[in-house]
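**Student:** Here's a structure for you.
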Amino acid sequence: MSISTFNVEDAPCGFFSFDSSLRLVAVNRTLAAMLGRPQENLPGKPLDQLLSSANKLMFHMQVMAMLHIHGHVEEIAINLASENGQQIPVLLNAITRHQADAAITECVVIRVNERQRLEDELFRIRKATEQVPGALYQFLLCADGSSRFPYASEGIRNIYELSP
């Protein structure tokens, strides 16, 4: 049973997968555009073609070792290489899935500057909510009937004497 029908092809982050021989199996449009490479030319190419020369050794010694030991890696900072050799700083998350007699590693990457932009935007939103008199909160009612408050501003302390 599938958890989601999420379309990896159109995701706002880069996605690629590789097999146990370190050959690319799939690359989404977002990553191909990020790298400035034709998407259709990437499957079957060596994984090393995505990595900057300075990161190839680190990737094989650190990322591949963690994948072998834990089966996944979370937020490893690496540099990918664009078509013209420009380094693209990204955060990489990966998981190895074993299917029948093959192992496929699926990787999601997000540009570091994009993550910083999102964090800056969240910071600005939080600062703005702190300036609003009263309390702002987000209430989430789940399908199973449970509920929670993912966010509450500092104003909640004055009204309900509760910590956000």
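The values are calculated or read from the model by the stated rules, or taken from the named source; none is laboratory data. Only a predicted model underlies this, so the values are computations on that prediction, with no experimental measurement involved. Virtual Cβ from ideal backbone geometry, glycine too; neighbours counted across all protein chains shown. Accessible surface areas use protein heavy atoms only, side chains included; no ligands, DNA or RNA. Shrake-Rupley method; radii C 1.70, N 1.55, O 1.52, S 1.80 Å.
**Student:** Over the chain, give the accessible area per residue in Å² for a 1.4 Å probe, as an integer.
**Tutor:** Per residue, the chain has an accessible area of 66 Å².
**Student:** Roughly how many percent of the accessible protein surface of region 59-164 is carbon and sulfur, given a 1.4 Å probe and a whole-percent answer?
**Tutor:** Whole-percent figure for carbon plus sulfur exposure: 54.
**Student:** What does the net charge come to around Ala102 if you take all other residues with beta carbon closer than 12 Å to its beta carbon, with K and R at +1 and D and E at -1?
**Tutor:** For residues surrounding Ala102, the net value is 0.
**Student:** Then there's this: At what distance in angstrom do the alpha carbon centres of region 15-86 and region 125-164 lie from each other?
**Tutor:** 40
**Student:** Quick check on packing: order 67-77, 87-97 by the mean number of other C-beta atoms within 10 Å, highest mean leading.
**Tutor:** Result, highest mean first: 87-97, 67-77.
**Student:** How large is ³J(HN,Hα), in whole Hz, for each residue of region 138-149 in order, when computed from phi with the Karplus curve 6.51 cos²θ - 1.76 cosθ + 1.60 and θ = phi - 60°, using x for Gly and Pro?
**Tutor:** For region 138-149, the Karplus-derived couplings read 10, 10, 10, 9, 8, 4, 7, x, 6, 8, 7, 10 Hz, x marking Gly and Pro.
**Student:** Can I ask one more? Among Asp10, Asp120, what's the order by accessible area (1.4 angstrom probe), most exposed first?
**Tutor:** If we order Asp10, Asp120 from most to least accessible, we get Asp10, Asp120.
**Student:** Given labels modelled 7 Å from the Cα in the Cβ direction, how far is it in nm from Phe149 to Asp10?
**Tutor:** Placing both labels 7 Å beyond Cα along the Cβ direction yields 3.7 nm.
**Student:** Which of the GluC sites (Glu not before Pro) found in region 110-159 are loop residues per DSSP with 16 or fewer other Cβ atoms within 10 Å of their Cβ?
**Tutor:** Listed in order of number, the matching sites are Glu154.
**Student:** Separate question: Output ³J(HN,Hα) for region 125-136: one whole-Hz value per residue in order, computed from phi by the Karplus curve 6.51 cos²θ - 1.76 cosθ + 1.60 with θ = phi - 60°, and x for Gly and Pro.
**Tutor:** Listing the rounded values in order: 5, 5, 4, 5, 5, 5, 7, 7, x, x, 10, 10 Hz.
**Student:** Could you give each residue of region 23-39 its phi-based ³J(HN,Hα) in whole Hz, using Karplus coefficients 6.51, -1.76, 1.60 with θ = phi - 60°, and x for Gly or Pro?
**Tutor:** Listing the rounded values in order: 10, 5, 9, 8, 9, 7, 4, 4, 5, 4, 5, 4, 8, x, 10, x, 4 Hz.
**Student:** Something else: Not counting ligands, DNA or RNA, and with a 1.4 Å probe, what is Cys142's accessible surface area in Å² rounded to the nearest 10?
**Tutor:** My reading of the accessible area for Cys142 is about 50 Å².
**Student:** Can you list residues from other chains, or at least 5 along the same chain, whose modelled amide H is less than 5 Å from the amide H of Ala135?
**Tutor:** Here the answer is none, since no amide H 5 or more places off falls under 5 Å of that of Ala135.
**Student:** How would you classify region 72-123 from its alpha-carbon gyration tensor, with a ≥ b ≥ c the square roots of the eigenvalues: rounded for a/c under 1.5, else prolate if a/b is greater than b/c, otherwise oblate?
**Tutor:** oblate
**Student:** Related question: For Tyr160, tell me the accessible area in Å² from a 1.4 Å probe, rounded to the nearest 10.
**Tutor:** Estimated to the nearest 10 Å², Tyr160 gives 150 Å².
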